[in-house]
Amino acid sequence: MWFAIVVIGVATFALRFSFIYLFGRVDEVPPRVRRALRFVPPAVLAALVAPALVTIDPDIGVVASLADERLAAGLVAAGVAWRTENLFLTIAVGMGALWLLRFGFGMGL
């Protein structure tokens with residue numbers, strides 16, 4: 001068991017360190033890699049946010065989840081993201097909408 005833990009730990013460290021080592025040696029990031037790296041922040045944000053918006057609780061049902069304040073705030077944030085393409089403004093407006101819906105109008109209470 002300990003052998004497997006050590007091997008997996010070393011493999012994980014080597015994989016992460018290889019990118020640090022590689023980009024320390026390369027003078028300039030290739031244009032194809034730079035274009036691909038542009039999509040990392042939106043992909044990570046979508047991966048963090050989407051499960052909270054689309055997961056349906058079997059006890060509550062579909063109708064109650066559509067009236068959830070998280071979905072409404074997510075739609076507001078999606079509109080801001082579409083119009084401005086600004087990640088930080090999207091997060092700020094989405095959180096503001098969530099707090100307003102949850103605590104201002106009492107949807108979540």
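Where a number appears in this text, it was derived from the coordinates with a stated rule and is not lab data. Note that the coordinates shown come from a computational prediction; the quantities given were computed from them, not determined experimentally. Reconstructed Cβ throughout: ideal geometry from the backbone, glycine too, with neighbour counts over all protein chains shown.
Calculate the dipole size of the chain relative to its Cα centre from +1 charges on Lys and Arg beta carbons and -1 charges on Asp and Glu beta carbons; express the result in debye to the nearest 20.
Values: 9 positive and 7 negative charges, 99 e Å.
Computed about the Cα centre, the dipole is about 480 debye.
Distance between the pseudo-spin-label points of LEU37 and LEU75 (7 Å out from Cα toward the beta carbon): 3.8 nm.
Over the residues of the chain, the helix contribution to mean residue ellipticity at 222 nm works out to -23500 deg cm²/dmol, using -39500 (n - 2.57) for each DSSP H run of at least 4.
Length gained on full extension, ALA92 to LEU48, computed as 0.36 nm times the residue gap minus the Cα-Cα distance: 14.3 nm. Exposed loop sites were defined as chymotrypsin sites (Phe, Trp or Tyr not before Pro) in DSSP loop states (anything but H, G, I, E or B) carrying at most 14 other C-beta atoms within 10 Å; in the chain the longest segment without such a site runs 40-104.
Axis angle, to the nearest 10 degrees, between helix 40-54 and the longest C-alpha principal axis of the chain: 40 degrees.
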